[in-house]
Amino acid sequence: MTPSHIAFIMDGNGRWAERRHLPRKYGHKMGTEALERTVEAAAECGIKTVTFYAFSTENWSRPQSEIDYLMDTFRKFLARKNDYQEKNYRLVFIGNLGKLPQDIADSCRDAMARTESNTGLTVVIAMNYGSWEEITSAVNQLLAQGKTQVTEQDIVRALYTSTVSFPDLVVRTGGEIRLSNFLLLQSAYSELLFTDTLWPDFDKKELKKVIEIYSKRVRKFGGLGGDHVEA
């Protein structure tokens, strides 16, 4: 069975570059190419949604030169939004966009508006995203609405991910075994897969391996059987 939604924690860009005695920014450049390869491979494999953890709320603590390079990388990615439009892909950006540089935030919103009605692959980019920040934002949003009691669905609708499904599978590259504040609520029943492959080396062959591993797992959602439950 092919997962409908795969979320990626793209780890290993810096180590990929360091092992080749290259600047860390070159690892990020190759990581962007891996993202684009994975988007195309996912569409070819029949996956409906892919999410990429591009920049976390904690990443602001990195050296300013690295942050500046990443922001320029985002600008270059967003400059190609018409390519996604032509391919009928839907672009969704999740995270606190208000804390990003204004031109990037505006471009993210424009890309979402332009591709909102597209029916092909949904590509979700998590930018300035942190799950705890997302949960706090959702709670404050519900309080501002005057709610004194909330349901699970109220919370789901208040999350940044309200317009996309929960991930069936969360994949972390780079060998680390942790979620790093990524989609903590949404991945409550997701399958988790940790691979030693560094993100710049991730390609269609690796994606097919991931799908094959997922297809052999039985999702129980707290029960005894493997029936699928929609988020």
Quiz prompt | Chain lengthening between SER117 and ARG178 when straightened (0.36 nm per residue, less Cα-Cα) | solution = 18.5 nm
Quiz prompt | Unit charges at the beta carbon, dipole of segment 54-144: most positive-side option, ASN140, THR57, VAL123 | solution = VAL123
Self-check item: Pair ASP154, LEU185: separation of 7 Å Cα→Cβ label points (nm)
Solution: 1.2 nm
Self-check item: Residue exposure sequence - TRP16, TRP132, TRP199 - by fewest surrounding Cβ within 10 Å
Solution: TRP132, TRP16, TRP199
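Pick out, in residue order, every one of the trypsin sites (Lys or Arg not before Pro) in segment 59-95 that is DSSP loop and has at most 16 other C-beta atoms within 10 Å; say none if there are none.
The qualifying sites are ARG80, LYS87.
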Quiz prompt | Cα-centred dipole magnitude for segment 45-189, charges only on beta-carbon of K, R (+1) and D, E (-1), debye, nearest 20 | solution = 240 debye
Quiz item: Can you give the convex hull volume of the alpha carbon atoms of the chain per residue, in Å³?
Solution: 130 Å³
Quiz item: Once the piece of chain linking THR2 and ARG20 is laid out straight, how much longer is it, given 0.36 nm per residue of separation minus the C-alpha distance between them?
Solution: 3.0 nm
Practice problem: Within segment 124-231, report the GluC sites (Glu not before Pro) that DSSP leaves as loop and that have at most 16 other Cβ atoms within 10 Å. | Solution: GLU176, GLU230
Self-check item: At 1.306 mPa s and 10 °C, Stokes diffusion of segment 19-85 via Kirkwood alpha-carbon radius, µm² per second
Solution: 117 µm²/s
Practice problem: At 0.36 nm per residue, minus the direct Cα-Cα distance, what do ARG37 and ARG109 gain on full extension? Give it in nm, one decimal, please. | Solution: 23.6 nm
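Set the Förster distance to 30 Å, then compute FRET efficiency between ASN88 and LEU193 from the Cβ-Cβ distance, nearest 0.05.
Using R0 = 30 Å, I get an efficiency of 0.60.
Bear in mind these aren't lab numbers, they're just calculated from the coordinates by the rules spelled out. Keep in mind that what you see is a predicted model, and the values were worked out from it rather than measured. Cβ coordinates were reconstructed from backbone atoms using ideal geometry, including for glycine residues, and neighbour counts include every protein chain displayed.
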